[in-house]
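See below for the structure under consideration.
The values are calculated or read from the model by the stated rules, or taken from the named source; none is laboratory data. If you're wondering where the values come from, they're calculated on a predicted model, not measured in any experiment. Surface areas here come from the heavy atoms of the whole protein model, side chains and all, with no ligands, DNA or RNA. Shrake-Rupley method; radii C 1.70, N 1.55, O 1.52, S 1.80 Å.
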Amino acid sequence: MITTLIPKSSVLGYSKELEIMSGTELDEPGQLKRAVIDASAGAVAGAISRMVTSPLDVIKIRFQVQLEPTASWALTKKDSPLKPKYNGLFRTTKDIFREEGLSGFWRGNVPALLMVVPYTSIQFAVLHKVKSFAAGSSKTENHAQLSPYLSYISGALAGCAATVGSYPFDLLRTVLASQGEPKVYPNMRSAFLSIVQTRGIKGLYAGLSPTLIEIIPYAGLQFGTYDTFKRWSRVYNKRYRSSSSSSTNPSDSLSSFQLLLSGLASGTVSKLVCHPLDVVKKRFQVEGLQRHPKYGARVELNAYKNMFDGLGQILRSEGWHGLYKGIVPSTIKAAPAGAVTFVAYELASDWFEANLT
């Protein structure tokens, strides 16, 4: 009988290699299937969030594209001829409902859905890919071990990719949502043709630069804050659930309520920090386009040289308050939007993963 001696180190190395393969390549879904799961879950989450929060978004846009000051100091000046069409959340809500009916709160919702579905699909797919690269694994549970700054960077990169891929629909959504009755643009097609005729194809990307500058801190804060709150929730679970023998939930699993709170926090923080850049972006998106006189002055074509010039002009003519026009509906919207998006994504992702893998 011939006996072959195999070094122990070789056996250990081979077994370790098998373990690595079984822990990554064999047990994890394929990269294409994982991308499909992330994109599909992101599309579902984005569509649900958009439908729920559209009324607040319409109100926010009406405030943002309004050149007339809404600050109390400006309104009390007797010699000021500038009287805003919209002033105050409840009054604006009542005016839109009276003049446009309930459907007015979902104005521009078709291009908004056409924007948000590819946006969230690209965003979550890229986010998972970047996190997988950083963590060295495509397993979601391993992404929780990433440091906070990597979570912020991953979110910023995902936001930039999603913005470039869906921007024309974002611009059309703003144009349609900013108009009241009577409509200047009856539908998305007429708005598209008017923009192309007056500003060319590049007009569909008007305001892209401030948008990208805005989305880097916004998406970074949104995803970074979300991951931070999830991390704190896991620490809380380990501290308090582990001491309770009657607890049926493992300490690493988060409840829907904890995911909701994490989403609320991420949406609120990111919106409060980045709102002035969003105001400038909206001004770029509607500059030079028609606007019914009863809704106030329009933003003239080439009114702002660049983002910094836009910030300066708004600050000089409308004050600090001008940079935060629409902040109340925007913040009220950001909290549930972030919560609904992240909870819907987590649930949809789990469902797709269970049924597609």
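Using a probe of 1.4 angstrom and keeping all protein chains present, the accessible surface of the stretch 158-236 works out to 40 square angstrom per residue. Applying the Karplus relation 6.51 cos²θ - 1.76 cosθ + 1.60 with θ = phi - 60° to the stretch 42-48 yields 3J(HN,Hα) values of x, 5, 4, 4, x, 5, 5 Hz, where x marks Gly and Pro. In vacuo Debye scattering of the stretch 256-320, one point per C-alpha: log10 I(q)/I(0) at q = 0.14, 0.21, 0.24 Å⁻¹? Taking Cα atoms of the stretch 256-320 as identical point scatterers yields -0.56, -0.87, -1.02.
Rolling a 1.4 Å probe across the protein heavy atoms gives the stretch 280-357 an accessible surface of 47 Å² per residue.
Please list Thr341, Thr174 in order of solvent-accessible area, largest first, computed with a 1.4 Å probe with all protein chains present. Each step should come with its number before you reach the end.
Numbers: Thr341 20, Thr174 0 Å².
So the residues, ranked largest to smallest area, are Thr341, Thr174.
For Val196, the solvent-accessible surface computed with a 1.4 Å probe is close to 40 Å², ligands and nucleic acids excluded. Converting phi to 3J(HN,Hα) with the Karplus coefficients 6.51, -1.76 and 1.60 and the offset θ = phi - 60°, the stretch 117-133 yields 5, x, 4, 5, 4, 5, 4, 6, 5, 5, 4, 5, 5, 5, 5, 5, 5 Hz in sequence order, with x at every glycine or proline. Between the alpha-carbon centres of the stretch 40-60 and the stretch 265-335 there is a gap of 20 Å.
Normalising the average separation of contacting C-alpha pairs (under 8 angstrom, six or more residues apart) by the number of residues puts the relative contact order of the stretch 252-330 at 29 percent. Using a 1.4 Å probe, how large is the accessible area of Leu347, given in Å² and rounded to the nearest 10? For Leu347, solvent-accessible area is about 100 Å².
Would you mind checking Lys131/Lys282; Lys60/Lys282; Lys60/Lys230; Lys83/Lys305 for any pair whose Cα atoms are more than 20 angstrom apart? From the list (Lys131/Lys282; Lys60/Lys282; Lys60/Lys230; Lys83/Lys305), the Cα-Cα distance tops 20 Å for Lys131/Lys282; Lys60/Lys230; Lys83/Lys305.
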